[in-house]
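Novice: Structure incoming, see below.
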Amino acid sequence: MPHSIRRVRHELKRRTLTVHEVQRLTPHMLRLTFQGPELTDFVSAGTDDHIKLFFPVDGEQAMRDYTPRRFDAASGTLVIDFAVHQAGPATKWALQARPGDTLQIGGPRGSLVVDWTFDWWLLIGDETALPAIGRRLEEAPARTRVITVAAVPSPEDEQTFETAAEHAALWVHRPIERADDPQPLLDALANVDFPRGEGYVWIAAEAKVARAVKAYIRDTRGHPKDWMRASGYWARGRSDAHVELED
């Protein structure tokens, strides 16, 4: 069966939103719910879309990429999860955010839409990938076979996702100081059996980790490069780093 993987472009628009609710999901994850009339025409077609968030820093604006975790057009709310793993402007702002605070966002500029025609899915990532992993699981059709392999600092950082999919979760615990070390994820993946049929592999983590995992999936496990996507959602020692790891 042919599989449709297509890019969709959206009108680029900046919006000002208001914090409605702040929730501590896990020790290293905050969930903020935003509201605002400017969300009326908001569109996010891909489960791993990213939007720009603009944070005030010394009279200027710092930009960071985040995944729209959940958008509810009926209630006019947008949920964004913040992995608090680096002491940057986004983490600082999120930790201090309170209901009534405002924030500007931009985008998404576009979406990569992967149809649910694959026999199985393998989603691999670290803390920063959990919003996209959770969203894909929540949107998966019933009986979709999904395997997730996620690296987090501790059992307390594991998350439970509501899904109709047949979901198998493998959690890898490693210190936050080793978040740029690919070995814990590579060791875990060595024990993962790929299901029969045609699968789609999605990878997002620290750039060095994502690059190593992609090479392992492609070269060692022999997975078709056209049926995978890998992104460096952040990079140790760099600010505002979001890297698409194309061949």
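The values are calculated or read from the model by the stated rules, or taken from the named source; none is laboratory data. Bear in mind the structure is a predicted one, so any value in this text is a computation, not a measurement. Cβ sites come from the backbone with ideal geometry, for glycine too, and all protein chains shown count toward neighbours. Accessible surface areas use protein heavy atoms only, side chains included; no ligands, DNA or RNA. Shrake-Rupley method; radii C 1.70, N 1.55, O 1.52, S 1.80 Å.
Novice: Give the range 141-167 a look and list any residue that's crowded, with 16+ Cβ neighbours inside 10 Å and over 23 Å from Thr128 (Cβ atoms), or say none.
Specialist: Of everything in the range 141-167, those that are crowded, with 16+ Cβ neighbours inside 10 Å and over 23 Å from Thr128 (Cβ atoms) turn out to be Thr144, Arg145.
Novice: How about the range 18-50: which of its residues are among the hydrophobic types (A, V, I, L, M, F, W, C), more than 15 Å from Ala129 (Cα to Cα) and touching a helix residue (DSSP H, G or I) at 6+ places or on another chain (Cβ under 7 Å)?
Specialist: The answer is Leu32, and nothing else.
Novice: Looking only at residues in the range 190-208 that are hydrophobic (A, V, I, L, M, F, W, C) and over 15 Å from the mean Cα position of the chain (by Cα), which one is farthest from Arg7 (Cα to Cα)?
Specialist: The selected residue is Ala190.
Novice: Further question on the same structure: Identify, please: which residue in the range 60-119 is within 15 Å of Leu30 (Cβ to Cβ), modelled with pLDDT of 95 or more and among the charged types (D, E, K, R) and is, among those, most open to solvent (accessible area, probe 1.4 Å)?
Specialist: Ranking the candidates gives Arg98 first.
Novice: Those residues that are open to solvent by 50 Å² or more (accessible area, probe 1.4 Å), part of a strand (DSSP E or B) and touching a residue at least 24 places away in the same chain (Cβ under 8 Å), I need them from the range 23-47; list them, please.
Specialist: Leu25, Gln35, listed by residue number.
Novice: While we're on this one: Filter the range 181-200 for residues that are part of a loop (DSSP other than H, G, I, E, B) and either of a type in the set (S, T, N, Q) or within 24 Å of Asp115 (Cα to Cα) (or both) and give the result.
Specialist: Listed by number, the residues that qualify are Asn191, Val192, Asp193, Phe194, Pro195, Arg196, Gly197, Glu198.
Novice: Ok, one more. Give the residue that is modelled with the lowest pLDDT, with candidates limited to residues of the range 168-199 that are open to solvent by less than 30 Å² (accessible area, probe 1.4 Å) and among the hydrophobic types (A, V, I, L, M, F, W, C).
Specialist: Per the stated criteria, the residue is Ala179.
Novice: Just need a number here: residues in the range 217-238 that are open to solvent by less than 40 Å² (accessible area, probe 1.4 Å) and not polar (S, T, N, Q).
Specialist: Looking only at that region, the number is 9.
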